[in-house]
Amino acid sequence: MRYSQYLLPTLKETPSDAEVVSHQLMLRAGMIRKVAAGIYDYLPLGLRSLRKVEQIVREEMDRAGAHEVLMPMVVPAELWQESGRWQQYGKELLRLKDRKQGEFCLGPTHEEVITDIVRNDVRSYRQLPLNLYQIQTKFRDEIRPRFGLMRGREFIMKDAYSFDMDDAGADRSYDRMYQAYRRIFERCGLKFRAVEADTGNIGGSSSHEFMVLAASGEDEIVSCDSCEYAANVEKAEIRSAGQKAAEPGAPLEKVLTPARKTIEEVSAFLKVEPRQLIKTLIMQTDTGETLAVLLRGDRELNDVKLCRLLDCAWVEMATEDVVLKATGAPSGFAGPVGLDLRIVADFEVQAMSDFIVGANEKDAHFTGANLGRDIEVEQFADLRKAEAGDPCPRCDGLLEVWRGIEVGHVFKLGTKYSEALGAKVLDDQGHERTLVMGCYGIGVGRTVAAAIEQNHDENGIIWPLAVAPFQVLVVMLNPNDEAVREAADDLYRQLLAAGVEVLLDDRDERPGFKFKDADLVGIPLRVTVGARGLKDGQVEFKERAGGEVRMLPLGEAAAEVAEQVRKGLGL
Ligand code: ATP
Ligand code: MG
């Protein structure tokens, strides 16, 4: 591709409405343009990277035995009514009507449509296992589209769906997808973790998210420093130390803590560590219960764990008037002594003695509080948010904390959709069996954005070779110099002939300007052809990721660079 004839509109300034690096750099490198909130044009350079990811995904899905299909983006309401999701799905579902008043939605995901294909065309166990996938534009009317391709409203997703006769088969399909996903993100050249994810109230038994590690990631994840355990922090378990508390050593005493409400304020005032306090959280559930949750003072509650313990859909901090009614004091002074509410506590609390709690009285706390003697806890459970250094639930290792971007998700669906839509086959005994499903998504645009979040510097993008829009950039330093033009053109053609994807910067611009664009656009390998080097029959070779400039003899440059590309791709 010749830059002079290419649509690659780079920007000097960082667009003011772009908050994260990938969004800024994709705009500045002329990859995308905004059309409406969360809706983008993919310009030629951007599309090339998307296609790279798609191609890797396609090859690995095919290798794993899945078959590509393409379902409509516009989906009739009837299918969604059959599954019940027409009512359940929130405003993310864009509903529309055709000229005959028929109701439709723009597909945010395609369980219903795929299940419809399978119930109509798959009849026998002999046709199983079956895994069908598509790479397609999805629409989710996200409440706050942001961060460019990271959280769009219209975005490209690969979604796959597996169908098996029984749970054992579904487990095998799930494992195959899990392995395929590992290969996909490895081939993309990304640092990632596959983490155990909460299955939420969608049900389903098991789920993993594939997280690209990046400081800007929206998700927090943990992984063990010595075994394979990794999980979204929402789900991350913590091994309970199983310690018993020491015998009470101090009497229960009320102390004044005027206007000291937070753990920090109270501990500073009483000159103790926050870990000597117990945090009493008054919580409300969607089922209408109000209860108290106890945590060590320096810990945070994990809502998802509490929901699982209570078997409810959501929990929230009780409002001020509820706290006042339940404890008799304004919030900041709640405590478990004499409290007339169900009390659950984190495992860690079990090991505490002579601690400090709120006294359910304005401006007062108790010191010397102890379980059993002063406080009746109904149940101990793993309720707190995992932190760096916590014990791994699977081995003796310690947990590390990372930030990640969810680029892929594999999910055991069970029979939710096959039951609702009646997708059954006959087994070898002639009995009808409801199919067991799995679903597997990869955000194609989000993967490209995540690659940039993980690989950039202050000057621009540093593409991993496998997802780079071009592999090699040839910079023609002075296009008006006959010898330079000829040598650069020649090199360009030789690289093309060797099957290398190359962009030739043949613009009549100053060298500094071209190098700035080169760093911004981030093509991994750069060859510079200039008059000075050519005098000695040489060109300059440099990697965007860093390292020395190397001089290559002009005659060997194409072969050498093509070899670097092959090596870089692991071929
Ligand atoms: P999130 O939690 O980030 O909202 P999700 O869990 O709802 O995503 P899934 O239904 O699991 O998303 O979709 C599969 C994949 O599609 C995700 O792993 C992600 O890579 C991608 N994806 C989901 N929503 C968006 C979006 N709004 N913009 C871009 N990619 C998305
Ligand atoms: Mg997900």
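Residues in region 150-175 that are more than 15 Å from Pro108 (Cα to Cα) and either within 16 Å of ligand 2 (Cβ to nearest atom) or surrounded by fewer than 21 Cβ atoms within 10 Å (Cβ to Cβ) (or both): Met150, Met165, Asp166, Asp167, Ala168, Gly169, Asp171, Arg172, Tyr174, Asp175. Output yes when any residue across region 444-466 is within 16 Å of ligand 1 (Cβ to nearest atom), part of a strand (DSSP E or B) and touching a residue at least 40 places away in the same chain (Cβ under 8 Å), and no when none is. No, region 444-466 contains no residue that is within 16 Å of ligand 1 (Cβ to nearest atom), part of a strand (DSSP E or B) and touching a residue at least 40 places away in the same chain (Cβ under 8 Å). Kindly establish whether Cys439 is within 16 Å of ligand 1 (Cβ to nearest atom) and over 28 Å from Val521 (Cβ atoms). It is true that Cys439 is within 16 Å of ligand 1 (Cβ to nearest atom) and over 28 Å from Val521 (Cβ atoms). Here the condition is being in contact with a Gly (Cβ under 9 Å, 6 or more places away or on another chain), over 27 Å from Arg146 (Cβ atoms) and either among the hydroxyl-bearing types (Ser, Thr, Tyr) or more than 16 Å from ligand 2 (Cβ to nearest atom) (or both); of Leu465, Leu435, Leu495, it holds for Leu465 alone. Applying a threshold of 7 Å to beta carbon distances and a minimum spacing of six or more residues, or different chains, the list of pairs starting in region 136-149 at a residue that is of a type in the set (Lys, Arg) and ending at one that is not in a loop (DSSP other than H, G, I, E, B) reads Lys138/Phe155; Lys138/Met157.
A search for C-beta distances below 6 Å between a residue of region 168-190 that is modelled with pLDDT of 95 or more and any residue that is in a loop (DSSP other than H, G, I, E, B), counting only pairs 6+ apart in sequence or on different chains, returns Gly169/Pro129; Ser173/Pro129; Arg176/Ala64; Ala180/Ala64; Gly189/Pro464. Tallying residues that are free of Cβ contacts under 8 Å to residues at least 24 places away in the same chain and out of contact with any Asp or Glu (no Cβ under 7 Å at 6 or more places or on another chain) within region 79-118 yields 11. Of the numbered criteria (1) within 39 Å of the chain's Cα centre (by Cα); (2) surrounded by fewer than 20 Cβ atoms within 10 Å (Cβ to Cβ); (3) part of a loop (DSSP other than H, G, I, E, B), the one Lys542 fails is (3). Screening the candidates Thr262, Thr290, Thr319 for the property of being among the hydroxyl-bearing types (Ser, Thr, Tyr) and surrounded by 15 or more Cβ atoms within 10 Å (Cβ to Cβ) yields one hit, Thr290.
Scanning region 502-524 for residues that are without any contact (Cβ under 8 Å) to a residue 60 or more places away in the chain and under 25 Å from Glu560 (Cβ atoms) returns Pro511, Lys514, Phe515, Ala518. Condition (residue is assigned to a loop (DSSP other than H, G, I, E, B), out of contact with any strand residue (DSSP E or B) (no Cβ under 9 Å at 6 or more places or on another chain), of a type outside the set (D, E, K, R) and away from ligand 1 (no atom under 16 Å from the Cβ)) applied to region 376-390: is it met by at least one residue? No: region 376-390 contains no residue that is assigned to a loop (DSSP other than H, G, I, E, B), out of contact with any strand residue (DSSP E or B) (no Cβ under 9 Å at 6 or more places or on another chain), of a type outside the set (D, E, K, R) and away from ligand 1 (no atom under 16 Å from the Cβ). Do we have Asp428 as among the charged types (D, E, K, R), in a helix (DSSP H, G or I) and more than 16 Å from ligand 2 (Cβ to nearest atom) here? Here the answer is no, as Asp428 does not meet what is asked. Within region 469-487, is there a residue that is touching a Phe, Trp or Tyr at 6+ places or on another chain (Cβ under 6 Å), modelled with pLDDT of 95 or more and farther than 22 Å from Phe185 by Cα? Yes, region 469-487 has at least one match. Candidates are the residues of region 132-142 that are in a loop (DSSP other than H, G, I, E, B) and within 16 Å of ligand 2 (Cβ to nearest atom); the one that is farthest from Ala18 (Cα to Cα) is Arg140. Looking at Arg123, is it of a type in the set (Lys, Arg), in contact (Cβ under 8 Å) with a residue 12 or more places away in the chain and within 16 Å of ligand 2 (Cβ to nearest atom)? No. Just one of the listed residues (Asp321, Asp340) is part of a helix (DSSP H, G or I), within 24 Å of Thr287 (Cβ to Cβ) and of a type outside the set (Ser, Thr, Tyr), and it is Asp321.
Within region 508-552, count every residue that is within 16 Å of Asp490 (Cα to Cα) and among the basic types (Lys, Arg). So the answer is 1. For region 109-131, filtering for residues that are of a type in the set (A, V, I, L, M, F, W, C), crowded, with 19+ Cβ neighbours inside 10 Å and assigned to a loop (DSSP other than H, G, I, E, B) leaves 1. When we screen Glu400, Glu509 for residues that are under 30 Å from His23 (Cβ atoms), out of contact with any Gly (no Cβ under 9 Å at 6 or more places or on another chain), outside any helix (DSSP H, G or I) and away from ligand 2 (no atom under 16 Å from the Cβ), the only hit is Glu509. Criterion applied to Pro15, Pro72 was being in contact (Cβ under 8 Å) with a residue 40 or more places away in the chain, more than 16 Å from ligand 1 (Cβ to nearest atom) and assigned to a loop (DSSP other than H, G, I, E, B), and the one residue passing it is Pro72.
Among the conditions (1) in contact with a Ser or Thr (Cβ under 7 Å, 6 or more places away or on another chain); (2) away from ligand 1 (no atom under 14 Å from the Cβ), the only one that Phe411 does not satisfy is (2). Suppose we filter Glu186, Glu237 for residues that are more than 14 Å from ligand 1 (Cβ to nearest atom), among the acidic types (Asp, Glu) and part of a loop (DSSP other than H, G, I, E, B); which single one remains? Of the residues listed, the single one that is more than 14 Å from ligand 1 (Cβ to nearest atom), among the acidic types (Asp, Glu) and part of a loop (DSSP other than H, G, I, E, B) is Glu237.
The values are calculated or read from the model by the stated rules, or taken from the named source; none is laboratory data. What you see is a predicted model; the values in this text were computed from it and never measured. All Cβ positions, even for glycine, are placed from backbone atoms using ideal geometry, and neighbour counts span all protein chains on display.
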